[in-house]
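The values are calculated or read from the model by the stated rules, or taken from the named source; none is laboratory data. What you are looking at is a predicted structure, and each value in this text was computed from that prediction instead of being measured. Note that each Cβ is placed from the backbone with ideal geometry, even for glycine, and that neighbours are counted across all protein chains shown. Keep in mind that these areas ignore ligands, DNA and RNA; they rest on the heavy atoms of the full protein, side chains included. Shrake-Rupley method; radii C 1.70, N 1.55, O 1.52, S 1.80 Å.
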Amino acid sequence: MSSLKVSVTELHVGDRTGSDIFNWNGLLVVSAHTVLNGEDIDKLHRHNIDYVDIMLRFDGGLPEQQNSNVTSSAIDDLKEDPTVTFANAVDTMKLLFYEVEQNGQIKEAHIDNAFKPLTDHFKQENDVVSLLLTMNSKDDYTYQHCVQVGMLSYYIAKWLGYSEEEALIVGKAGYVHDIGKSNISLDILNKPGRLTDQEFDEVKKHANYGYNLVKSSNMDEAIALAALQHHERLDGSGYPSKLSGDDIHPYAKIVAVADIYSAMVSNRVFQKKQSLLVVLKELHRLSFGQLDPQVAQVFIRNMIPNFIGKRVLLSSGEIGHVIMTHPSDFFKPLVQVKERFINLTEQPDLEIEEIYI
């Protein structure tokens, strides 16, 4: 597909870059094939970029033919490419946010065209830990988070014994769980410091916004409820309605676990990512009252085996490799440091501080 060089002053939200864009001293500002949002365009202005190559232009939420060589949309590109990547799905989430801005609705076909190819890739991926570790950056956190939660929700549903068809629905629910944030100011979403009480109250509205958006887009009621309830907690401490127990939809309980895990292992503008094992311990703690214990425990049991063979940093400063997980204490595996084997269940003061790919 050919590209077209345009002035940065003429860029629109939804334009897709045709090549990597560098500033005057060679720093990569925006990658090729990025679907631009307002933040990206502001970044180009700040770096004094004059012209960029774009592949497609979007108007009213739908792509239009730019010239005789441009005949398909970004969504169609995603559908036709058998090697759809995590970055493609992030770009599609950007488009969904843009659709909300333009039309107040989202198109389920766009979600299917981006998410189904990803699930086809998931089936070939056994090492979920490495997959997540390689798909993290501070840039585009909101969109990456949506994709990660969709991936994790799909996995959890499969681990719980859901059929492929229903697991796909759960995955889609995770993918659009935060779509309501499209109605929240970017200044609040990207604020580098702690939110004020008033700002946090505004952020919490995304659950209701998401429910209304999914419902008005004629999508499955269960997907809408997952968007509405993924911050509810079993003990009634969540929001927006302080629901408890069985009043929370099963999909929302799954998305809640995926949401917390993704948020804690991700780099964010105001928070450094946390160690995977630390996050699993926190999920284990929350499973005694706030999170569905079956969902959380199934997730932990299926994540822990992926640590086998991983390089780890111990609290002693030593570097080793996980050799075997312990059947009763998931967080205290057998670790090999050089020629020495350390059973962490016998070393209460020794902890794993970091896990590497």
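Just to confirm a number: summing +1 for Lys and Arg and -1 for Asp and Glu over residues other than Lys215 whose beta-carbon lies under 15 angstrom from that of Lys215, what do you get?
On the way: positive: Lys107, Lys172; negative: Glu108, Asp220, Glu221.
Every neighbour counted, the sum reads -1.
For Asp15, which sequence-distant residues (separation of 5 or more, or a different chain) have an amide H within less than 5 Å of its own amide H, given hydrogens modelled in the peptide plane?
Leu36, Phe58
Let me see the P(r) profile for segment 194-285: every Cα-Cα distance counted, bins of 5 Å, each bin given as a percent of all pairs.
3, 13, 18, 22, 22, 16, 6, 1
Tell me, what is the per residue accessible area of segment 209-357 in Å², probe radius 1.4 Å?
On the way: 6860 Å² over 149 residues.
Counting only protein heavy atoms, the per-residue value for segment 209-357 is 46 Å².
Let me check I've understood the local charge: for Thr345, count other residues with C-beta under 14 angstrom from its C-beta, Lys and Arg +1, Asp and Glu -1. What total comes out? All intermediate terms of the calculation are to be shown ahead of the outcome.
On the way: positive: Lys332; negative: Asp329, Glu346, Asp349, Glu351.
Neighbourhood net charge equals -3.
Given Cβ point charges of +1 (Lys, Arg) and -1 (Asp, Glu) and nothing else, what value in debye, to the nearest 20, does the dipole of segment 176-313 about its Cα centre take?
Values: 17 positive and 15 negative charges, 159 e Å.
Dipole magnitude for segment 176-313 comes out near 760 debye.
Computed over the Cα atoms, what is the radius of gyration of segment 203-255 divided by 2.2 N^0.38 Å, N being its residue count?
Ratio of Cα Rg to 2.2 N^0.38 Å: 1.04.
Average the reciprocal distances over every distinct pair of alpha-carbons in segment 149-221, invert the result, and give the Kirkwood radius in Å.
Result for segment 149-221 stands at 13.6 Å.
Let me check I've understood the local charge: for Gln290, count other residues with C-beta under 10 angstrom from its C-beta, Lys and Arg +1, Asp and Glu -1. What total comes out?
-1
Quick one: which residues, 5 or more positions from Glu353 or on another chain, have an amide H under 5 Å from its amide H? H modelled 1.01 Å from N in the peptide plane, none for Pro or chain starts.
For Glu353, the qualifying residues are Leu313, Leu314, Ser315.
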